[in-house]
Amino acid sequence: MAASRLDRLVARRGAYTRSQARELIRAGRVSVNGKRTTSADTKADEDSDIIAVDGKALSSEKYVYIMLNKPQGVISATEDKKDKTVLDIIDKKYKVCRLFPVGRLDKDTEGLVLLTNDGAFAHNSLSPKKHVEKRYIAYVTGDVNEETIKLFGQGIELKDFTTKPSTLIIKERGPDYTTAEIVISEGKFHQIKRMFEAVGCKIIYLKRTAFGEIELDGSLKSGEYRPLKDSELEYVKRISQGE
Ligand code: URA
């Protein structure tokens, strides 16, 4: 018996937030094995109980969301003939879940990659209309200065498009390179590298540290991963629902 709180199961299976799930239960719209309940802390068996909202069973097939700290040299794809992919470095038990990476990091970029089988989440979080911000830390050679910050804030003209305004913060100036934080809400091919090239600079190291409200867990070493926590799943649900 895999017993779980009802509000948790309703939220997870029905793509509701926890508070929406509690509201549905309180309103008497949720039943467990045909019996209506209004108590959110009712325990239900994750594997065998039939949970329904308004008489319609919620699928027991769960979406899976994993946070991976992608190492350099691994590609953000589901399969590749030559290189190791993000799916090659996670446990084989996830094979049945048909996970895919949400967006792409370059082979030499490391950091936060979300893996999921939730197409709505992937679609919405990558949609330019949703403006989901992605944060990076970069080591940059060349002159990164106040003018660069201003240009990034205005949008950088690249060969094929002009970027949306982005935030550039200089963190540290070293003898060999500048450490900078960049926040962009798009994700075009090599975007950050191309933005720096356009202002005469070069990225020598790039790491993604946040995807929307989800921060890369600092305890994950390169190549390690973990399922998202409840607080992170609340954010995922909001995005999946198109908020
Ligand atoms: N911008 C890049 O140039 N590369 C990445 O991997 C991500 C953003």
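The values are calculated or read from the model by the stated rules, or taken from the named source; none is laboratory data. Predicted, not measured: the structure shown is a model, and the values here were computed from it. With ideal geometry, Cβ positions are generated from the backbone for all residues, glycine too; neighbour counts draw on all protein chains shown.
Quick rundown of the values:
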read-out	value
From D217, D230, residue being at pLDDT 95 or above and either within 15 Å of the ligand (Cβ to nearest atom) or among the acidic types (D, E) (or both)	D217
Qualifying strands (runs of 3 or more DSSP E) (wholly inside the stretch 21-138; at least 3 residues being farther than 27 Å from D217 by Cβ)	30-32, 43-45, 51-53
Residue within the stretch 80-93 that is among the polar types (S, T, N, Q) and in contact with a Pro (Cβ under 7 Å, 6 or more places away or on another chain) present	no
Filtered residue count, the stretch 108-135, keeping only those that are touching a helix residue (DSSP H, G or I) at 6+ places or on another chain (Cβ under 6 Å) and more than 22 Å from I90 (Cβ to Cβ)	3
Sole residue being charged (D, E, K, R), surrounded by fewer than 17 Cβ atoms within 10 Å (Cβ to Cβ) and free of Cβ contacts under 8 Å to residues at least 60 places away in the same chain, chosen from D49, D41, D7	D41
Test result for A77, among the small types (G, A, S), within 16 Å of the ligand (Cβ to nearest atom) and either at positive phi or not assigned by TED's automatic domain parsing to the domain that holds Y205 (or both)	yes
Spans of strands (runs of 3 or more DSSP E) in the stretch 150-243 with at least 3 residues surrounded by 14 or more Cβ atoms within 10 Å (Cβ to Cβ)	167-173, 178-184, 202-211
Some residue of the stretch 24-38 being touching a residue at least 40 places away in the same chain (Cβ under 8 Å) and among the basic types (K, R)	no
Top-ranked residue in the stretch 114-130 [being exposed (fewer than 14 other Cβ atoms within 10 Å of the Cβ) and more than 16 Å from the ligand (Cβ to nearest atom); ranked as farthest from A198 (Cα to Cα)]	G119
Filtered residues of the stretch 123-151 (kept if of a type in the set (A, V, I, L, M, F, W, C) and over 24 Å from V102 (Cβ atoms))	V140, V144, I149, L151
Selection count, the stretch 10-36, where residues are over 29 Å from the mean Cα position of the chain (by Cα) and loosely packed, with under 15 Cβ neighbours inside 10 Å	7
In the stretch 85-100, residue farthest from the ligand (Cβ to nearest atom) [restricted to those that are surrounded by 15 or more Cβ atoms within 10 Å (Cβ to Cβ) and free of Cβ contacts under 8 Å to residues at least 40 places away in the same chain]	C97
Failed item in (1) at negative phi; (2) touching a residue at least 40 places away in the same chain (Cβ under 8 Å), with G103 passing the rest	(1)
Residue that is farthest from the chain's Cα centre (by Cα), among those in the stretch 185-209 that are more than 7 Å from the ligand (Cβ to nearest atom) and farther than 17 Å from D143 by Cβ	Y205
Condition broken by P175, with the remaining ones in (1) more than 16 Å from the ligand (Cβ to nearest atom); (2) within 20 Å of L115 (Cα to Cα) satisfied	(2)
